Structure formats: structure tokens, C-alpha cells
1. Give the Rg (one decimal place) followed by the Dmax (whole number) of the range 31-140, computed from C-alpha coordinates and expressed in Å.
2. Calculate the all-directions average of the projected area of the range 1-86's alpha-carbon convex hull, and give it in nm².
3. Within the range 1-95, which GluC sites (Glu not before Pro) sit in a loop by DSSP and count at most 16 neighbouring Cβ atoms inside 10 Å?
4. How much length, in nm to one decimal, is gained on full extension between Q33 and K151, taken as 0.36 nm per residue of separation minus their Cα-Cα distance?
Amino acid sequence: MSPVFGHGRLRLYLLKLLEESPRHGYEVIRLLQDRFLGVYSPSPGTIYPRLARLEEEGLVTHEVVNGKKVFTISDRGRAELNDRLDELADLEQEISDSVRDIAREVKEDVRDTVKSLREELTQMARDVRQGARHEERQAKQDQRRAWHEQKTEWQRQKHEWQRQTGEWKDDWKRIWTAGFTGEGSRAADARLGQMLAEFAEEVHRDASNAQVTEETLATAQDALYDAARRIREALR
């Protein structure tokens, strides 16, 4: 706890904050942080039990608003606050003095930090100038490596497409061979096989002009199997 809040003084200041306006616990914590420039940051374990104790003593009440307890000072709480006005005035003066001391320390810290930062930036600029040529060479090497990796990936995709195409051709051959039996259907089977071969060649030609990825392969496979199902249904 801040040295300003000795025994019973935080209790008094909480009544002061609630006398200004009804507030929920988190808002009380935030106000204390703001008034002490963030140096004093009371924990929920400090504030909420004291608010509960004030309520037990009848000095504050609460109501739930949007799921949060909003505390309001009671008439009894105002009476205690009025009885301790002199003590409250001394407390607020001590808080003002404490905040002024904190502000002076912060100003000194900022001045030292700026000086240190200036020195660091100067050294950083020197290092950047010294390392610029090395970074440029490294960037060119990274670019060449990235191009080589991309080229390798394109070749892999091309081989994968060729492999998938072979599998599709085999699958279609099994599908349509199973669908035709007997001497009377051989001519139709041959004609259908020719149509499918032409279709496969057209798809392969179109695909060779585009970048094939795992996602596009999966989409194409789904479309081919759907087409196979529709053709089987049409030929029944």
C-alpha cells in the first residue's frame, strides 16, 4: 500500500471517491492509479474487501448494473466523512505532495532515459552504416534462395499433377470398363473411352497452363468424381 494510506486512511479515501460519484470496484482502482500517476496500483485484493467491509458497516450500499456491483455512499457514510473533514484535508494535501514528488522523479527518469536512448540511437546508426553492405548481400542471397525454392515447388506440383492425372485415368478406366459387358456394348465402350480420353486430355492441357496446388488438385478430383457419378447415372 502507498505510504500515504496509513491505518484507516484508505478507508477514508474510498468514502471520498464514492462521495464524488457511485463507482464499481475496477473504477476505484483505476482512479487511484491515475491520481498517483500509475506508481501506486492497488490490487483487487486490497480494494474489494475494504468496499465489502464498508458495506457491512452500513457506510456504502451497492446495486448490480450490467453484471457489476456499483457502490454508492450512504447517509451514514457521508456523516463519517463530514466528521473527518480535517483528516481528509490533510490526506489530500499529502496525496498532492506525493504526486508532485512522483512527477519530479518521473521527469528525472525521463531525462535520463532520453539521454540513454540518444546514445543508443547513435550507436545503432553507426552499426547500421557498417552493416548495410552485408545486409544487402544477404538480401540478394535470400532472394536467390527463395526463387530456387519456388522453382522446386513448381516442379513438385507439376509431378504431382502428372501422378494424379495417371491415377484419375486408371480410376476412370476401371469405372467405365465395369459398366459395360458383352459383345453388343464393345463399340459403345470404345467410343465412350475415346470421349473420356479426349476429356482428360483437355483438362490436362488447361491445367498445364495454370499453377496447380494441393487445394486445386483436391477440388479437381471432387469435380471429376462428381462428373463420373452423373455419367454413370445417365448410362443406366
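Throughout, read-outs are computed from the coordinates displayed, never taken from laboratory work. Remember, predicted model here, so these are calculated numbers, not experimental data. Heads up, the Cβs are rebuilt from the backbone with ideal geometry, glycines too, and the neighbour counts pull from every protein chain shown.
1. Computed over the Cα atoms of the range 31-140, radius of gyration and Dmax are 25.6, 78 Å.
2. On the way: hull surface 22.6 nm².
Approximately 5.6 nm², given one-decimal rounding.
3. Working: sites: E19, E20, E27, E55, E56, E57, E63, E80, E87, E92, E94; in loops: E57.
Those that pass, being in a loop and sparsely packed, are E57.
4. 36.7 nm
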